[in-house]
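**Student:** If you scroll down you'll find the structure; I have some questions about it.
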Amino acid sequence: MRLLTLAGLWLASVGVAAQGNEGSVISPKEQPVSGYRFLTPETRALQDDAFANPGYLWVAAGAKAYQTSHGSGSCVSCHGERGMVGVASRYPRFDEEAQTLLNLEGRINACRTKHQELSALAYESEELLALSSYVAEQSRGLRTQVNVSAEAAPWLEAGEEYFFQRRGQLNLACHQCHDQSWGKMLRGDRLSQGQPNAFPAYRLEWQSLGSLHRRLQNCETGVRAEPQALGSRAYLELELYLVWRSQGLALESPGVRR
Ligand code: HEC
Ligand code: HEC
C-alpha cells in the first residue's frame with residue numbers, strides 16, 4: 001500500500017504542475033517532439049554551439065579513432081572519409097549475418113571483431129562512446145528511419161510491450177511518463193516524450209557523454225526498478241521501439257541534456 005501511495009502522490013504532484021499537453025494527450029507516435037523543446041534556453045544554446053557543446057570532445061576523439069590504423073586497417077581505410085554519413089539514421093537494424101538486431105554500438109563492435117581482428121569494446125567505454133558519437137554526428141539533422149519488418153518485427157513488438165509494462169517499486173511504465181504525462185513537471189524536470197534522437201548525449205548530471213541505454217537505466221532506477229544491462233536484448237528491443245516511435249524526428253547527437 002505504501003508503494004501505491006507513493007505512485008499516487010507522484011501523479012498528484014504531476015497533476016498540480018501540469019502545463020502543456022493538457023487534457024487530451026497527443027500521441028508521440030503521431031506527433032514526435034524532441035526533448036530539445038523541453039530544455040531551458042541555456043541548455044539549448046549549449047547544444048547548438050559546436051564549440052561549447054561538450055559532446056563534441058567525444059566526437060573529436062571518435063574522428064581520431066576512426067583514422068587510427070590497427071595493422072588490420074582503420075575504419076577510414078574501408079569506409080572512406082564521408083562513409084558514415086546517414087548511417088546512424090537507419091539503426092538499430094537486423095543484421096542478416098549475425099542474425100540479431102544491432103544498434104550502432106553493436107555494429108561498430110561487429111566491424112572491430114569481424115574486419116579488424118580486434119576485441120569488442122565494452123559498452124560505455126570511452127572509445128566506444130567516441131566512435132558511436134562520431135558516427136551518429138554524421139547523421140545530425142537527418143530524419144531517423146528504421147526497418148521494422150520481417151526479422152525486426154518481433155524485436156519491435158517486444159520493445160513496445162516493455163514500454164507499456166509497469167515496473168519498479170513505483171509501479172510506473174515508460175508509457176505513463178512519456179506518452180501520458182509529457183509536458184508536465186516532475187521533480188524539477190519537464191517531462192519530455194522520452195525520444196532517443198539526442199543520443200549519445202552529454203548529460204550535465206553525468207558530467208559526461210553517455211549512451212541511450214545509460215539513460216534508460218536512469219529512468220528505471222528512477223522508478224526503483226532493477227535496470228537491464230547496457231547492450232542487453234531488452235534494451236535493444238526497447239531502442240528499436242523508441243526509434244520507430246520517433247520517426248520523422250531529426251537526429252541531434254551529440255545532444256545536451258540536464
Ligand atoms: C517516473 C517517470 C518516468 C518513467 C516511468 C520513465 N521515465 Fe524516461 N525520463 C523521465 C525524466 C524525468 C526524464 C528527463 C527529462 C525528460 O527528458 O523527460 C526522462 C528522460 C528520458 C529519455 C531522454 C529524452 C531526452 O530527450 O533526453 C528517454 C529516451 C527516456 N526517458 C525513455 C524512457 C523509457 C524507455 C522508459 C521506460 C523503461 C522511461 N523513460 C521511464 C521520467 C521517466
Ligand atoms: C576491413 C574493412 C572494414 C573495417 C576496417 C571497418 N569496417 Fe565497418 N563495415 C565493413 C563492411 C564490409 C560493412 C558491411 C557489413 C559487413 O559486411 O560486415 C561494414 C559496415 C559498417 C557499418 C554499418 C554501415 C551501414 O550502412 O549499415 C558501420 C556503422 C561501420 N561499418 C563502422 C565501422 C567503424 C566505426 C570501423 C572502425 C572501428 C569500421 N567500420 C571498420 C568493413 C569494414
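**Student:** Under 5 Å between amide H atoms, partner at least 5 residues away or on a different chain: which partners does Leu186 have, H built in plane at 1.01 Å?
**Tutor:** Under 5 Å from the amide H of Leu186 lie the amide H atoms of Leu191, each far enough along the sequence or on another chain.
**Student:** Continuing with this model, one more query. Along the principal axes of its C-alpha atoms, what lengths does the chain span, in descending order and rounded to whole Å?
**Tutor:** For the chain, the Cα extents along the three principal axes come out at 60, 40, 31 Å.
**Student:** Additional query: Name the lysines eligible as straight-distance cross-link partners of Lys184: C-alpha to C-alpha under 26 Å, and not fewer than 8 places from it in the same chain.
**Tutor:** Partners found: Lys29.
**Student:** So what are the range 109-257's ellipsoid semi-axes, whole angstrom, largest first, if each one is the square root of 5 times an eigenvalue of the alpha-carbon gyration tensor? Working shown, then result.
**Tutor:** On the way: eigenvalues 122, 67, 55 Å².
Value: 25, 18, 17 Å, ordered largest first.
**Student:** Count the DSSP beta bridges whose two residues both fall in the chain, then state the antiparallel fraction as a percent rounded to the nearest 5. Display every interim value, and only then the final one.
**Tutor:** On the way: 10 of 13 bridges.
Approximately 75 percent, going by the DSSP bridge assignments.
**Student:** In degrees, nearest 10, range 0 to 90: what is the angle between the Cα axis of helix 2-16 and the longest Cα principal axis of the chain?
**Tutor:** Taking Cα atoms only, the helix is inclined about 90 degrees.
**Student:** So if each residue of separation counts as 0.36 nm, and I subtract the Cα-Cα distance between Asp49 and Thr68, what length gain in nm does that give?
**Tutor:** So the extension gain works out to 4.1 nm.
**Student:** Would you work out if the range 57-137 is rounded, prolate or oblate? Take a ≥ b ≥ c from the square roots of the eigenvalues of the alpha-carbon gyration tensor; rounded if a/c is under 1.5, else prolate when a/b is larger than b/c, oblate otherwise.
**Tutor:** On the way: a/c = 1.37, a/b = 1.18, b/c = 1.16.
In terms of gyration-tensor shape, rounded.
**Student:** Right, another one. Taking H placed 1.01 Å from N in the peptide plane, check which residues at least 5 places from Gln195 or on another chain put their amide H under 5 Å from its amide H.
**Tutor:** So Gln195 has HN proximity to Gly35.
**Student:** Moving to a separate point now. Going by Cα centres, the range 116-184 and the range 23-90 are how many Å apart?
**Tutor:** 14 Å
**Student:** List, in order, the whole-Hz ³J(HN,Hα) value for each residue of the range 144-160 obtained from phi through the Karplus relation with A = 6.51, B = -1.76, C = 1.60 and θ = phi - 60°; use x for Gly and Pro.
**Tutor:** Values, residue by residue: 7, 8, 10, 8, 10, 9, 6, 5, 6, 4, x, 5, 4, 4, 5, x, 5 Hz.
**Student:** A follow-up question, please. Can you compute 3J(HN,Hα) from phi for each residue in the range 220-226, using the Karplus curve 6.51 cos²θ - 1.76 cosθ + 1.60 with θ = phi - 60°, rounded to whole Hz and x for Gly and Pro?
**Tutor:** 6, 5, x, 9, 6, 9, 6
**Student:** Along Cα→Cβ, 7 Å out, is where each label goes; now give me the distance between the ones at Arg143 and Glu97 in nm to one decimal.
**Tutor:** Label at Arg143, label at Glu97, 3.1 nm between them.
**Student:** A further question on this structure: 222 nm [θ] for the chain, helices only, -39500 (n - 2.57) per DSSP H run of 4+, per residue, to 500?
**Tutor:** So the helix-based figure for the chain works out to -12500 deg cm²/dmol.
**Student:** Follow-up. Long-range amide H contacts for Thr100: which residues qualify at under 5 Å (H placed 1.01 Å from N, peptide plane, sequence gap of 5 or more or a different chain)?
**Tutor:** Long-range HN contacts for Thr100: Asp95.
**Student:** For the range 57-137, calculate the relative contact order in percent as a whole number, restricting contacts to Cα pairs under 8 Å that are 6 or more residues apart.
**Tutor:** Dividing the mean separation by the residue count of the range 57-137 yields 45 percent.
**Student:** With contacts defined as alpha carbon pairs under 8 Å and 6 or more residues apart, what's the relative contact order of the chain in percent?
**Tutor:** Over the chain, the number comes to 30 percent.
All of the numbers you see were taken from the coordinates with simple rules; none came from a lab. Owing to the predicted nature of the structure, the values given are computational and were not obtained by experimental measurement. Positions of Cβ are backbone-derived with ideal geometry, glycine not excepted, and every protein chain shown enters the neighbour counts.
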